[in-house]
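Have a look at the structure below before the remarks.
Any read-out appearing in this document is the output of simple, stated calculations on the displayed coordinates, not a laboratory observation. Just so it is clear, the structure is predicted and the values come from calculations on it, not from any experiment. Virtual Cβ from ideal backbone geometry, glycine too; neighbours counted across all protein chains shown.
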Amino acid sequence: MEAVDARVAIIGGGFAGTALAVRLQATLPADARILLFEASSRTGPGLAYGTTDPSHLLNVPAGGMSLFPDRPAHFQEWLAGRPDAPEAPADGGPVFAPRALYGTYLEEQLAAALSRPGAKLEVLPHRVESVEPLLGGGFRLGADGRSWQVERVLLAVGGFASAEGEPPYLIGNPWSPQALEGLDPEEPVLLVGMGLTMVDMLLSLRRQGHRGKVIGISRHGWLPLSHVCGPFPKPWPVELPADAGPAAICRILRREAARAAEAGQPWQAVMDGARPQVQRIWQGWSPAQRAIFLRHGRTAWNLHRHRLAPAVATTVAEERDSGGLEVLRARLGTWRPEGNGVAATLRMAGGGQREVRAARIILCMGPDSASAWREVAPVPDLLQRGLARPDALGLGLEIASPDGTLRDAAGQPVPGLSAIGPLTRGNLWEITAVPEIRAQVALAS
């Protein structure tokens, strides 16, 4: 192997990359060098926790968000020591902290790792565009006209944003700084997609003083569901058989939810009991079974699995009850600029069309809406070189094992080249939240 600049290169400095960097700094020998590449202005929060809006809350209680699997209360304790920590709910339920605070937490843990004795960790503000395999092992990374030779590459990119759209009329990336700029506070806004991103946009609009109607559309017209109010129940004991297909799993969950209700327990406890088994079930399904789930079950699963903090759910319900939020079962058809805004034609679920006028259309579908992951550097280069290939359903890159080792174009594992986090959901599915990524980081490191 040629002389190397570092033992490990981590590409992507959001939660997954930060967790990897902190863990490797603590576990690799003192003579090891770790490079963490992140091109954005902040390393640590990533897209998921980079918001500055205090109304954007975590959708997991603070007690489940520690960066360290062996110190599960670490974030909760860090939060309790801050003067801006949110108060505990009066109903005795857990704290759902602002995502901005969690981003600060990640930045602080990374800063501590950067200054600790031991393996040398460096953050490099470059977007890695190329990953070239070297004869004898290792890789040469290319970014901004520079190159680095490393023994191992860990791909931790995530937070796949959509294209920009056609500003100012249609915003493809809701996290773009211009998404909510220059809006008439009295004019309607059309939000396409009604998941967690739509809720964030609604909250931000209201916080900046927008008073006009917000119209949310999706195929089913379903709003995100809420965590339980008050203390969390224990996970309901549910066993998902290894040979159960998507329809059978659905029947089991419905049956157990009914049993839980008879025992005075909420359906949320059933989902929490099923969650640790999801990766095992998904890996046991054939590509055809996974495709059936994605077509018929994904929306309902996401609603029940990725839930809102109770306080946020209350705000959304109040908006709908007051008429400030109108929910429609519809798809976006055509649109055209009209005056200072747009006129959009909606294709209604029950048939027919409806034209609405809005100051702006904002697409809130999230990464499920397209293969945005294919455009995130250095994925195009990896695919072109044959160092990686898409999984069978096009959800991300195919991996050879749970630690994220990539398969090349011929289906063979690529030693020293791994992916973690959302890029691996085609093989693992349940790999977008902190607990699962934390476990994958432990395997990959």
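Summary table
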{"read-out": "Separation between Cα centres of the range 199-267 and the range 1-57, rounded to whole Å", "value": "32 Å"}
{"read-out": "Packing rank of 214-224, 160-170, where each peptide gets the mean count of other beta carbons within 10 Å, highest leading", "value": "214-224, 160-170"}
{"read-out": "At least 20 Å along the helix axis (C-alpha) and Kyte average at least -0.5, DSSP helices within the chain", "value": "99-115, 246-262"}
{"read-out": "Listed peptides 260-270, 5-15 by packing density, highest first (mean Cβ within 10 Å)", "value": "5-15, 260-270"}
{"read-out": "CD proxy at 222 nm, helix term only [per DSSP H run n ≥ 4: -39500 (n - 2.57); per residue of the chain; nearest 500]", "value": "-9000 deg cm²/dmol"}
{"read-out": "Peptides ranked, highest mean first, by Cβ atoms within 10 Å: ranges 295-306, 26-37", "value": "26-37, 295-306"}
{"read-out": "Additional length obtainable on full extension of the chain from Gln412 to Arg336, 0.36 nm per residue less Cα span", "value": "22.5 nm"}
{"read-out": "Largest-first ellipsoid semi-axes for the range 210-273, taking √(5λ) over the Cα gyration tensor eigenvalues, angstrom", "value": "29, 18, 9"}
{"read-out": "Rounded to the nearest 20 debye, dipole of the range 32-155 from Cβ charges on Lys, Arg, Asp, Glu", "value": "440 debye"}
{"read-out": "Förster radius 41 Å - calculated FRET efficiency between Arg385 and Ala258, Cβ distance, rounded to 0.05", "value": "0.20"}
{"read-out": "Fraction of antiparallel bridges per DSSP, the chain only, in percent to nearest 5", "value": "45 percent"}
{"read-out": "Nearest-20 debye value, the range 162-316 charge dipole, Cβ charges on Lys, Arg, Asp, Glu", "value": "660 debye"}
{"read-out": "Förster-model FRET efficiency, 22 Å R0, Ala39 and Ala161, C-beta, rounded to 0.05", "value": "0.95"}
{"read-out": "Asp70 versus Ala30: modelled label distance in nm, points set 7 Å from Cα along the beta carbon direction", "value": "1.9 nm"}
{"read-out": "Size of electric dipole in the chain: Cβ of Lys, Arg +1 and of Asp, Glu -1, about Cα centre, debye, nearest 20", "value": "960 debye"}
{"read-out": "Gain on full stretching of the segment that runs from Arg320 to Arg207 - 0.36 nm per residue minus C-alpha separation", "value": "39.0 nm"}
{"read-out": "Against the rule of thumb 2.2 N^0.38 Å, how large the Cα Rg of the range 246-305 comes out", "value": "1.15"}
